[in-house]
Structures are given as C-alpha cells and as structure tokens.
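Student: First the structure, then my questions, so here it is.
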Amino acid sequence: MNWTEGPATWKQLRFLSHHGYKPEHVLTKAEASDLIRKFGGNPEDFGAVAEGTLKPHETANHLHLTMENARQVIVDSGREHVEESKEALVSAVTNRQEFWLDTCRQTAKMAVNSRQVQELYQKHGCRFVEPTQKQVQYIIEALDSVMPHWDRNHPELFYQTLELNFPELVRRH
C-alpha cells in the first residue's frame, strides 16, 4: 500500500476542520492534501508524510504477537538483558493499548492511524466514548486469557466485552 492511500493524519484533519470542511467518508492522505491545497494551505506543513503511522502489517494481531514476543524474550533472556527486555514489553503493551483506544476515538484524536483502526472505529468503536487505558487493558487481558487469537479472528469481541463490562461507555443518542 502506498502511503498516500493511508488515512489522513490528525494534523490534516484538524486543518480541514478549522476551515469548515467536514468529510463524508474517511479521507486518504492524498485526498486531504488536495483539499488542503484548495483551502490555500501547504500539505507538507501537516505531516502528510507517513510519520508516526503504523505500517500496514502492524494490525491488532501484529501488536499482540509483538507483545507476546517481548514477554518470551524476558523469560529467555539472562539477568543482564532483563531491564532492556522489560522496556520492550512496556512499549509493546502501550502500543497495543493505544491501538484499541484509537478504535474508540474520533479520527482527529487518533494517535495510531492505520486502515484497521479506521475500519474498526467505523464498524464498532464509534458507538463508544473513549475508554481509559486501564479499561482497555482489562478487556485485552480478559480476552487474551480465554481466546489467544481473538484480535486476529474476532476483533468485534473487544467491543462486546467493553459494552458488557463498561456499559457507561456506550454512547446514548
């Protein structure tokens, strides 16, 4: 996938919002750049390059596997590498939490901007207000303990479990 086909960055969306534009669909970086030009802006000023975005292969399942690998490294590593391994695990856990948090955030507030995050937000996450990191971690741990590959095979379980455990997060219209 070409980086221009990825979802627009939050900086691009913020610029467009400040100029009164409300997208009717998820914008790509290229579409947002064209609109920024039409509003008299310079697309390069708004992080149109793929900085800080996930690579296409970094899906929910990829983040899960990264976390599991970091855990295994702690088990396998000797005492001399344990601190370094713990830092890698903390980073992997945080990235995974951020992924699932973003699936419940409006596009302009997303830190992770991948196709899967956008799709999950549109299909499920838009029904919820943003949970806390602690709530997200609770759901992740609960699902991991009963179904190791839930995020690959059944990501919708995250939202079903979130609703069952934290009904106050469901948006009321």
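The values are calculated or read from the model by the stated rules, or taken from the named source; none is laboratory data. Source: prediction; values computed, not measured. Cβ coordinates were reconstructed from backbone atoms using ideal geometry, including for glycine residues, and neighbour counts include every protein chain displayed. In case anyone asks, the SASA skips ligands and DNA or RNA and just uses the protein heavy atoms, side chains included. Shrake-Rupley method; radii C 1.70, N 1.55, O 1.52, S 1.80 Å.
Student: Between D76 and H154, what FRET efficiency comes out of the Förster formula 1/(1 + (r/R0)^6) with R0 = 30 Å and r the beta carbon distance, rounded to 0.05? Before the final figure, lay out the partial values.
Tutor: On the way: r = 30 Å, r/R0 = 0.99.
Between H154 and D76 the formula returns 0.50.
Student: In nanometres, what is the gap between the two model label sites at L65 and R172, each 7 Å from Cα along Cα-to-Cβ?
Tutor: Computed distance between label sites L65 and R172 equals 4.3 nm.
Student: While we're here: Given the pairs K22/K109; K29/K123; K38/K123; K11/K134; K29/K86; K29/K109, which are separated by over 24 angstrom at their Cα positions? Could you put the intermediate results ahead of the total?
Tutor: Numbers: K22/K109 15 Å; K29/K123 21 Å; K38/K123 30 Å; K11/K134 27 Å; K29/K86 35 Å; K29/K109 16 Å.
Too far apart for the 24 Å limit: K38/K123; K11/K134; K29/K86.
Student: Sorted by packing (mean other beta-carbon atoms within 10 Å per residue), highest first, where do 96-103, 161-168 land?
Tutor: Ranking the peptides 96-103, 161-168 by packing returns 96-103, 161-168.
Student: Roughly how many percent of the accessible protein surface of the stretch 133-172 is carbon and sulfur, given a 1.4 Å probe and a whole-percent answer?
Tutor: Working: 1300 of 2390 Å².
Answer for the stretch 133-172: carbon and sulfur cover 54 percent of the accessible area.
Student: Kindly report, to the nearest 10 Å², the accessible surface of T59 as traced by a 1.4 Å probe over protein heavy atoms only.
Tutor: T59 exposes around 40 Å² with every protein chain in place.
Student: In angstroms, what radius of gyration and Dmax does the stretch 92-173 have, counting Cα atoms only?
Tutor: Considering the stretch 92-173 through its Cα atoms, Rg and Dmax are 11.6, 35 Å.
Student: Okay, moving on. In nm, to one decimal, how far is the T132 label point from the E24 one, both placed 7 Å along Cα→Cβ?
Tutor: For T132 paired with E24, the spin-label model returns 4.1 nm.
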